[in-house]
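First comes the structure, then the notes that go with it.
The values are calculated or read from the model by the stated rules, or taken from the named source; none is laboratory data. Bear in mind the structure is a predicted one, so any value in this text is a computation, not a measurement. Please note: Cβ atoms are built from the backbone with ideal geometry, for glycine as well, and neighbour counts cover all protein chains shown.
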């Protein structure tokens, strides 16, 4: 159905405007989705809400959109971050996709003592977040931040934001729903080192929590933990 297509646009949106597509969007619409000029779609930019629009002139690498009525106003969303130790490429891609679907407002990869992955393609992760937002009908994009050492993140953390650190095999209370600015911290495969756990517990803004009796893969822990914290941030 043509109206089911949603695209993220960086430009301002308002009824009556004409906005330009990226070359990749034009190619996707023309050659993959087989759309034509005049077909409907929906646009959002993370600021102005969601708008009905129609495809204007469409080529293989160039297109424009004529913006029509606003369908949804821009909502206020939970201020929930995911801080996670970098994983292998496929696992990191999955974490970014699912965290976007679950409403995380920022994604901050960190380097821990047991982190194996050394590099990340930030443009790739941002593209995954955009695609996930388009698919799940979210009206915002999470910020995908540059990977940083965990020690640096803790040193520069703003104490007003609660940080829930998921620790396996730790005598810790179960994770609880959070109200207000919050973040979930998930370590690498193999977990945090004892020294890292001691450092976490030394900060008053950190609460070490358990995600249950089972040892979860890191990507599973990200999804489960966000779902629990998200339950307390809905509405």
In the range 86-95, anything crowded, with 20+ Cβ neighbours inside 10 Å and either at pLDDT 95 or above or within 18 Å of residue 227 (Cα to Cα) (or both) is listed as 92, 95
Restricting the search to the range 102-125, which residues are under 13 Å from the mean Cα position of the chain (by Cα) and buried (at least 17 other Cβ atoms within 10 Å of the Cβ)? 102, 103, 104, 105, 107, 108, 109, 125
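Filter the range 132-152 for residues that are closer than 18 Å to residue 109 by Cβ and either within 18 Å of the chain's Cα centre (by Cα) or loosely packed, with under 12 Cβ neighbours inside 10 Å (or both) and give the result. Break it down into steps so the answer makes sense when it comes.
First pass over the range 132-152, keeping only residues closer than 18 Å to residue 109 by Cβ: 132, 141-152.
Correct list: 132, 141, 142, 143, 144, 145, 146, 147, 148, 152.
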Pull up the range 65-83, narrow it to residues that are surrounded by 19 or more Cβ atoms within 10 Å (Cβ to Cβ) and in contact with a strand residue (DSSP E or B) (Cβ under 6 Å, 6 or more places away or on another chain), then point me to the one that is farthest from residue 177 (Cα to Cα). 65
Can you pull out the residues in the range 34-43 that are out of contact with any helix residue (DSSP H, G or I) (no Cβ under 8 Å at 6 or more places or on another chain) and either at pLDDT 95 or above or buried (at least 16 other Cβ atoms within 10 Å of the Cβ) (or both)? 43
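Rundown of residues vs (1) in contact (Cβ under 8 Å) with a residue 12 or more places away in the chain; (2) assigned by TED's automatic domain parsing to the domain that holds residue 104; (3) within 24 Å of the chain's Cα centre (by Cα); (4) not in a loop (DSSP other than H, G, I, E, B), yes/no style:
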| site | (1), (2), (3), (4) |
| --- | --- |
| 12 | yes, no, yes, no |
| 15 | yes, no, no, no |
| 48 | yes, no, yes, no |
| 54 | yes, no, no, yes |
| 61 | yes, no, no, no |
| 66 | yes, no, no, yes |
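Is there a residue being under 16 Å from residue 99 (Cα atoms) and surrounded by 13 or more Cβ atoms within 10 Å (Cβ to Cβ) anywhere in the range 189-206?
The first filter runs over the range 189-206 and keeps only residues under 16 Å from residue 99 (Cα atoms), leaving none.
For the range 189-206, residues under 16 Å from residue 99 (Cα atoms) and surrounded by 13 or more Cβ atoms within 10 Å (Cβ to Cβ): absent.
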